[in-house]
Structure formats: structure tokens, C-alpha cells
Amino acid sequence: MKPYTDGPGAADGGGEPPARAAAGPPGGGTAAPLADRLAAAVASVDAPDVVFAASVRGRRTLCSGGTPDATAAGRRELRYEIGSASKTFAGLLLAHLAASGRVPLGHPVDAALFPDRPPGRDPVTLHHLITHTSGLPGLPRDLYPRALRHRNTNPYAGYDGRRVVEAFARARPRRPGTRWRYSNFGAAVLGHALAARTATPWDVLLHEQVLDPLGLSGTALRAGGGTGRDATGHARDGTTPLPPLDIAGFAAAGAVRATPHDLLAFLEAHLEPNGPLADALREVRRPVLSHGRGRHRQTHTLTWFQQPTPRGPAFFHCGATPGQQAFLGFCPATGFALAATATRRYRLADPFSAEALTLLCEGP
């Protein structure tokens, strides 16, 4: 694995802070029944709607709760915004297109978006975009003025795909492939590059190649899509409702919203790769880079953060939108998958991600 230098984090467009396990040794295990541990995790999160959903070799356990004044009806059937965890869907799509020979991982982005433009000497590739090594900033610079004005509701609204592509055309990434820097901008560009390379709109491409083959009928890329109801996000106070996320041109970076059962089905597919996506599901579990030092060292696959445990590596990704949070993770050695959602904006010292990561590392 090639070492990479650290770059700016969530404040530079990362979308959410990195998850850290709660106090205690990761993977230390516990004698408490899984259902009790899920219930304790739900109780620790102060949000209108909270769901912790687990699967152990295909057997599912779901626990839901929330603040007393919130409606408890149908929490497990709602579609939740998963923010940056959507990148795991984008990465799986890229891996599948590469495995099928349709789009090479090393395909230059310029060749997909600007086929008439002469290639540069050090091009950004699709692999650079999904692994956050493109050299692009977290967000396009001209997005910040609008994003700051609307950061508590819809920071991306109005910044459509055309503007994302134009911002990439103006960008001058430094030494692609040599530095890790989390970038929503890069993930957004990936979506437009794949759509251009396959001549298929992003939402159609993701549905045809990933969502439909995995049977994820409870997953959508915009509010009100398909059947079912969307969860309502809330501000930091936990009571002020927020409008659904309008991700505009950043769909590949954070558009997915899904039910807890669909999120578990997505993770279960990673635990038991089979069918048309089998090669891609195995590929996204393979470590490809690492960066940082000591306790801050991180290892990444094509799409997942990798966490060591005594029983083998666990894979996870966090996500956040202005009014919701999500956590996805799985551990192949134990056959354990965990999906967690909450409908309240992230706050400092929020226990949500730490509780979820601790549960994942402890295992079933």
C-alpha cells in the first residue's frame, strides 16, 4: 500500500467528522445480547428518530427510538439521508463498470468529460476521484459563498452538474495520486464522468447497475422518489425541521436515501459477494492506500475506511447532511453488518458515530 500525506478534513468539504470508537478497546467483545446493545446505542443518541439495524450472517435485528415528542410510527420504514456514505454506492458502481470492462479505473477524467481536449501530462483518473487522491479541494471555491449562506439547510442547491464540470475544467490539481484529501468535489466529478463515459444519466446508471441488481427498492436519489416516506431532518436543536437535502450536481457524493432494511441488504451483499456484482463487491474490500501516523493512521479501500479488530478488518463509512446522520459498516470475519441513522444535525461530542463504530468493532 502506498502512503499518502494527510489533507484537510470535514471543514474543507469532507461532509462529516471522522468516526472514532467510544472508550474501550476496539473488538474487545461483550457478553450483553446484541438487541440490548442496540437499544443502549439508540438511547444514547438524542435525536427525533434513531435506528440501529444489525445483521449477523443474514439474521436481522432492528432497534428504533427517539425523542419523546417525535412520532414513533414507521421509523424502520422511513428513507434516511445517508450523506457521504453514498460514496460507497458510487465506488461499487465504478468497481462494477471496471470489472465488466466498460470503464477502466485508470481512465482519465478529461477523456470522459472533454474528449476533444488534448490530454494533460499528469491526468486525474477515475481511481483518483473515488480514493480522494485527485488533488482537488473539498469543494469548488465558487461554491463556498452560497454554501456558507445556506449551510444549515441546503448548501449544494443551485450548484448543478454543469457548474461542477466547469469547476473541474478550471481546477489545477497538484500531483494527482500522491496526497489523500477528502473531496466531495472529486466524488461529484466522478458521477458526471461516469455518466458521460457511459452516455447514461447518473441516476439511471446507479439504478441499473447497482440498486436494481441488489433489489434495493427502498432506496432513492431524491426526496419523494419511488414509494415510501422520507425521514425529516432536524437542526442542532433537535426540534426545528429542515427541508429534504437538495444535492444538485453532487449526486454521486451524497444523494442516496434508503430504508434501514435496504442499507442492511447493501451491506449483506458485501459480506457474501455473489451475482453480477460479485467481482466488484470483492474489489471494494481490498486495501488500496493508507495515510497518517500512529493512532491517526487510516487504511482505505476503493470506497471504505478500514478499521482493524482482533477478528479481522471492519469496513465503515459515515455520512451527514444538514439534518441527518448515517453510519454503514461490516466485518467479513464475523458476518456482522451495522447500519445506523439519526435525524438530527451533527454536534460536537455527538455520540452517534462513536457508538456505531464501537458496536461494529465489538462484533455480534
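The values are calculated or read from the model by the stated rules, or taken from the named source; none is laboratory data. This structure is a prediction, so every number in the text was calculated from the model and none was measured. Heads up, the Cβs are rebuilt from the backbone with ideal geometry, glycines too, and the neighbour counts pull from every protein chain shown. For accessibility, only protein heavy atoms count, side chains too; no ligands or nucleic acids. Shrake-Rupley method; radii C 1.70, N 1.55, O 1.52, S 1.80 Å.
Efficiency by 1/(1 + (r/R0)^6): what FRET value for H296 and D116, r their Cβ-Cβ distance, R0 = 35 Å, to the nearest 0.05?
Efficiency, rounded to the nearest 0.05: 0.20.
With a probe of 1.4 Å, find how much accessible area region 288-361 has per residue, and write the answer as a whole number in Å².
Dividing the accessible area of region 288-361 by its residue count gives 30 Å².
Rounded to two decimal places and with Rh computed the Kirkwood way over Cα pairs, what is Rg over Rh for the chain?
0.94
Rounded, prolate or oblate: which one fits region 236-364, using the alpha carbon gyration tensor with axes a ≥ b ≥ c (rounded when a/c is under 1.5, else prolate when a/b beats b/c, else oblate)?
prolate
When the Karplus curve 6.51 cos²θ - 1.76 cosθ + 1.60 is applied with θ = phi - 60°, which whole-Hz ³J(HN,Hα) does each residue of region 52-65 get, with x for Gly and Pro?
For region 52-65, the Karplus curve yields 10, 10, 10, 9, 10, 6, x, 8, 9, 9, 10, 9, 10, x Hz.
Compute the relative contact order of region 234-347 as a whole-number percentage, counting only Cα pairs closer than 8 Å that sit 6 or more residues apart in sequence.
This gives 27 percent for region 234-347.
Got a sec? Which residues in region 114-143 would a label at R170 touch, if it sits 7 Å along Cα→Cβ and we count backbone N under 19 Å?
114, 135-143
Please get the size of the charge dipole for region 283-363, origin at its Cα centre, with Cβ charges of +1 on Lys and Arg and -1 on Asp and Glu, quoted in debye to the nearest 20.
Dipole of region 283-363, to the nearest 20 debye: 240 debye.
Can you give me the angle between helix 161-170 and the longest principal axis of the chain, using Cα atoms only, in degrees from 0 to 90, rounded to the nearest 10?
50 degrees
Order Y346, Y156 by their accessible area, 1.4 angstrom probe, all chains in place, largest first.
Reading off the accessible areas and sorting them downward yields Y346, Y156.
Take every Cα pair under 8 Å in region 48-123 that's 6+ residues apart, average their separations, divide by the length, and report that relative contact order as a whole percent.
That works out to 17 percent.
Grab the other residues whose beta carbon is less than 13 angstrom from that of R172, score K and R as +1, D and E as -1, and report the net.
Within the 13 Å Cβ shell, the charges total +3.
How far, in degrees from 0 to 90, does helix 260-271 lean away from the longest principal axis of the Cα atoms of the chain, to the nearest 10?
For helix 260-271, the angle is close to 70 degrees.
Place the peptides 54-61, 108-115 in order of packing, highest mean first, counting for every residue the other Cβ atoms within 10 Å and averaging per peptide.
Per-residue Cβ counts within 10 Å, averaged per peptide and sorted highest first, yield 108-115, 54-61.
Looking at the chain, what % of its DSSP beta bridges pair antiparallel, to the nearest 5?
Counting DSSP beta bridges with both partners in the chain, the antiparallel share is about 90 percent.
Under the classification rounded if a/c is under 1.5, otherwise prolate if a/b is larger than b/c and oblate if not, where does region 129-268 fall, given a ≥ b ≥ c as square roots of the Cα gyration tensor eigenvalues?
Here region 129-268 falls in the oblate category.
Using the Cα centre as the reference, give the magnitude of the dipole from point charges on the C-beta atoms of the chain (Lys, Arg: +1; Asp, Glu: -1; all else neutral), rounded to the nearest 20 debye.
For the chain, the charge dipole is close to 1020 debye.
Let me have the 222 nm mean residue ellipticity of the chain computed from DSSP H runs of 4+ only, each contributing -39500 (n - 2.57), with the sum over all residues rounded to the nearest 500.
After summing the helix terms and dividing by the residues of the chain, the value is -8000 deg cm²/dmol.
Compute the angle between helix 34-44 and the longest alpha-carbon principal axis of the chain, please, reported from 0 to 90 degrees and rounded to the nearest 10.
Around 80 degrees separate the two axes.
Percent relative contact order of the chain, based on C-alpha pairs within less than 8 angstrom and at least six residues apart?
Value for the chain: 29 percent.
Take peptides 252-263, 306-317, 350-361, 77-88 and line them up by average Cβ neighbours within 10 Å, highest first, as a rough protection proxy.
With the highest mean Cβ count within 10 Å placed first, the list reads 252-263, 77-88, 350-361, 306-317.
Order of 276-284, 335-343 by packing, highest average Cβ count within 10 Å first?
Ranking the peptides 276-284, 335-343 by packing returns 335-343, 276-284.
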